[in-house]
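The values are calculated or read from the model by the stated rules, or taken from the named source; none is laboratory data. Keep in mind that this is a model prediction, so the values were computed, not measured. Methodologically, a virtual Cβ is constructed for each residue, glycine included, from the backbone with ideal geometry; neighbour enumeration extends over all protein chains shown. Accessible surface areas use protein heavy atoms only, side chains included; no ligands, DNA or RNA. Shrake-Rupley method; radii C 1.70, N 1.55, O 1.52, S 1.80 Å.
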Amino acid sequence: MRVREDQRFKNLYWILDGKRQLATKNLTPGHRVYDKFVSLIKGVEYRVWIPYRSKRAAAIYNGLKTFAFKRGSRVLYLGIASGTTASHISDVIEDGVIFGVEIAQRVMRDLLTVTVVRRNIVPIMESARRPQSYCWIVPEVDAVYEDVAQPDQASILIKNSDIFLRSGGYALIAVKASSIDVTLPPKKVYKMVEREIASTGRYKLVETVDLSPYDPKHAMIVFRKL
Ligand SMILES: C[S@@+](CC[C@H](N)C(=O)[O-])C[C@H]1O[C@@H](n2cnc3c(N)ncnc32)[C@H](O)[C@@H]1O
């Protein structure tokens with residue numbers, strides 16, 4: 001089994017073992033978020049990042065060009081859930097910090113078991129529709145990442161990015177087409193989201209990546225704040 005760092009994105013790795021598997025270096029060796037997907041290579045623990053379980057990983061497999069997270073990044077994560085994807089971003093940003101907003105108590109309980117060990121994730125139990133309620137704790141950030149699967153997901157991203165995202169930073173949204181309009185073809189829904197956010201005049205569309213076959217009817221859309 002061999003491992004090599006991704007050619008474009010630092011702190012992302014590919015485990016080569018007949019097949020290619022995306023991975024991050026475990027920031028907290030010995031502590032595992034989802035147990036069985038860990039490989040020990042030359043004494044280093046790598047956590048396999050599974051595209052069927054994380055839209056961010058699916059986007060990377062599907063050719064995403066903008067990773068948006070690196071060592072030291074400050075990230076606002078809306079809809080962090082139990083921290084599956086966030087734990088990999090936490091591996092990548094190392095001494096950076098993720099402010100993770102989540103509305104559901106049940107998943108927040110699971111997230112807390114992750115944040116006890118991973119000290120670079122700050123859990124915030126709130127609705128992402130009310131950014132004013134956490135503006136006392138969240139500073140200016142380098143990236144806003146949203147995965148809330150709600151009908152007003154575009155406006156939630158705008159509201160938060162207007163307040164917290166630095167100029168030149170990235171706003172990323174995992175769009176679930178059926179949450180917005182189940183009657184329209186997904187591609188039309190992605191276009192609607194692109195237009196709604198770009199029409200503010202404050203965000204420039206960078207790229208849209210379809211997440212099929214890992215997450216059908218979902219896309220990752222990336223904007224840059226002007
Ligand atoms: C698809 S899941 C997120 C999965 C997670 N991003 C991952 O990849 O590990 C969507 C999450 O958004 C949360 N959510 C929905 N509406 C929200 C809101 N208004 N504010 C904060 N979180 C919300 C849900 O409770 C759920 O945990």
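Filtered by the rule that a residue be touching a Leu at 6+ places or on another chain (Cβ under 9 Å), outside any strand (DSSP E or B) and more than 10 Å from the ligand (Cβ to nearest atom), region 135-148 gives 138, 140. Of all the residues in region 202-221, those that are more than 13 Å from residue 55 (Cα to Cα) and open to solvent by less than 50 Å² (accessible area, probe 1.4 Å) number 2.
Check region 9-20 and report whether any residue there is in contact with a helix residue (DSSP H, G or I) (Cβ under 6 Å, 6 or more places away or on another chain) and more than 30 Å from residue 133 (Cα to Cα). For region 9-20, residues in contact with a helix residue (DSSP H, G or I) (Cβ under 6 Å, 6 or more places away or on another chain) and more than 30 Å from residue 133 (Cα to Cα): present.
Taking the listed residues 98, 124, the one that is within 15 Å of residue 164 (Cβ to Cβ), open to solvent by 10 Å² or more (accessible area, probe 1.4 Å), within 14 Å of the ligand (Cβ to nearest atom) and assigned to a strand (DSSP E or B) is 124, with no other qualifying.
Return yes or no: is residue 114 more than 8 Å from the ligand (Cβ to nearest atom), closer than 20 Å to residue 48 by Cα, of a type outside the set (S, T, N, Q) and over 13 Å from the mean Cα position of the chain (by Cα)? Full working, then the answer.
Details: more than 8 Å from the ligand (Cβ to nearest atom): yes; closer than 20 Å to residue 48 by Cα: yes; of a type outside the set (S, T, N, Q): yes; over 13 Å from the mean Cα position of the chain (by Cα): yes.
Against the criterion (more than 8 Å from the ligand (Cβ to nearest atom), closer than 20 Å to residue 48 by Cα, of a type outside the set (S, T, N, Q) and over 13 Å from the mean Cα position of the chain (by Cα)), residue 114 qualifies.
Residues in region 53-65 that are within 14 Å of the ligand (Cβ to nearest atom), touching a Pro at 6+ places or on another chain (Cβ under 9 Å) and either part of a loop (DSSP other than H, G, I, E, B) or β-branched (Val, Ile, Thr) (or both): 1 in all. The residue that is nearest to residue 114 (Cα to Cα), counting only those in region 2-33 that are part of a loop (DSSP other than H, G, I, E, B) and among the charged types (D, E, K, R), is 32. Looking only at residues in region 79-95 that are more than 14 Å from the ligand (Cβ to nearest atom) and open to solvent by 30 Å² or more (accessible area, probe 1.4 Å), the one that is nearest to residue 20 (Cα to Cα) is 94. It is to be established whether one or more residues within region 66-78 are within 9 Å of the ligand (Cβ to nearest atom), in contact with a helix residue (DSSP H, G or I) (Cβ under 6 Å, 6 or more places away or on another chain), farther than 19 Å from residue 140 by Cα and of a type outside the set (Lys, Arg). No, every residue in region 66-78 fails to be within 9 Å of the ligand (Cβ to nearest atom), in contact with a helix residue (DSSP H, G or I) (Cβ under 6 Å, 6 or more places away or on another chain), farther than 19 Å from residue 140 by Cα and of a type outside the set (Lys, Arg). Being at pLDDT 95 or above and surrounded by 12 or more Cβ atoms within 10 Å (Cβ to Cβ) holds for only one residue in 56, 47, 32, and it is 56.
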